[in-house]
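Novice: I'd like to ask some things about the structure below.
The values are calculated or read from the model by the stated rules, or taken from the named source; none is laboratory data. Remember, predicted model here, so these are calculated numbers, not experimental data. Here the Cβ positions follow ideal geometry from the backbone for every residue, glycine too, while neighbour counts run over all protein chains shown. All accessible areas refer to the heavy atoms of the entire protein, side chains included, with ligands and DNA or RNA removed. Shrake-Rupley method; radii C 1.70, N 1.55, O 1.52, S 1.80 Å.
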Amino acid sequence: MAGPNGRQLSEDQATANGITALGSGFDGVQRCRQDVESMKNNLGSGYGGGDGGAYQKLLEAWDRQAEVISVNLRSMIETLEETRKAKGMQQSQASEAVQQQHNRADAIFNALHG
């Protein structure tokens, strides 16, 4: 069984992995959006009529949905980054408090020991 530090490092690594995975997903959505925009620009001028208009609307709807996904991915990334930072600060404060108590115990022992 992993000790507290091992578990904390594992949780931190899992959070980092989540940030990386979400970042990869975000990048993938952005690449697809660029591809769709390029396709829209390339085909838009030569693709007319009712079906061409419907196709343009389809691409625009897809882009709006992709934007929602992108915003949500970015939000999740930011939340995980903030959580990771807060967890690190909390760990640092806990370590500092333990060290202060250790120093206090040493001072008391030394005072009693003479």
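Novice: Once R0 is set to 35 Å, what does the formula 1/(1 + (r/R0)^6) return for the Cβ-Cβ distance between Arg84 and Gln30, expressed as a FRET efficiency to the nearest 0.05?
Specialist: Once the sixth-power term is evaluated, E becomes 0.95.
Novice: To continue, here is another question. What number comes out for accessible area per residue over the chain if the probe is 1.4 Å? Units Å², please.
Specialist: With all protein chains present, the chain gives 75 Å² per residue.
Novice: Just to confirm the number: angle between the C-alpha axis of helix 49-113 and the first principal axis of the chain, 0 to 90 degrees, nearest 10?
Specialist: It works out to around 0 degrees.
Novice: Rounded to the nearest percent, how much of the accessible area of the stretch 72-113 (1.4 Å probe, protein heavy atoms only) is carbon and sulfur?
Specialist: 55
Novice: FRET efficiency for Val68 and Ser38, Cβ-Cβ distance as r, R0 = 22 Å, nearest 0.05?
Specialist: 0.60
Novice: Still on this structure, please answer the following. I want to verify a result. In a Gaussian network model of the chain, Cα cutoff 10 Å, which of these has the top mean-square fluctuation: Leu22, Leu80, Leu59?
Specialist: Leu59
Novice: Of the candidates Ala66, Ala21, Ala97, which one comes out as most mobile in a Gaussian network treatment of the chain with C-alpha springs shorter than 10 Å?
Specialist: Most flexible of the set in this elastic network: Ala97.
Novice: Rounded to the nearest 0.05, what FRET efficiency is calculated for Tyr47 and Ser75 with R0 set to 25 Å and r the Cβ-Cβ distance?
Specialist: Details: r = 35 Å, r/R0 = 1.40.
Computed FRET efficiency for Tyr47 and Ser75: 0.10.
Novice: Same structure, new question: Between 0 and 90 degrees, rounded to the nearest ten: what's the tilt of helix 4-44 against the longest Cα principal axis of the chain?
Specialist: Once rounded, one gets 10 degrees.
Novice: Quick one: divide the alpha-carbon radius of gyration of the chain by 2.2 N^0.38 Å and tell me what you get. Provide the component values of the computation, followed by the final result.
Specialist: Details: Rg = 26.6 Å, N = 114, 2.2 N^0.38 = 13.3 Å.
For the chain, the normalised Cα radius of gyration is 2.00.
Novice: Under 8 Å for C-alpha pairs, at least 6 residues apart: give me the relative contact order for the chain, rounded to a whole percent.
Specialist: 39
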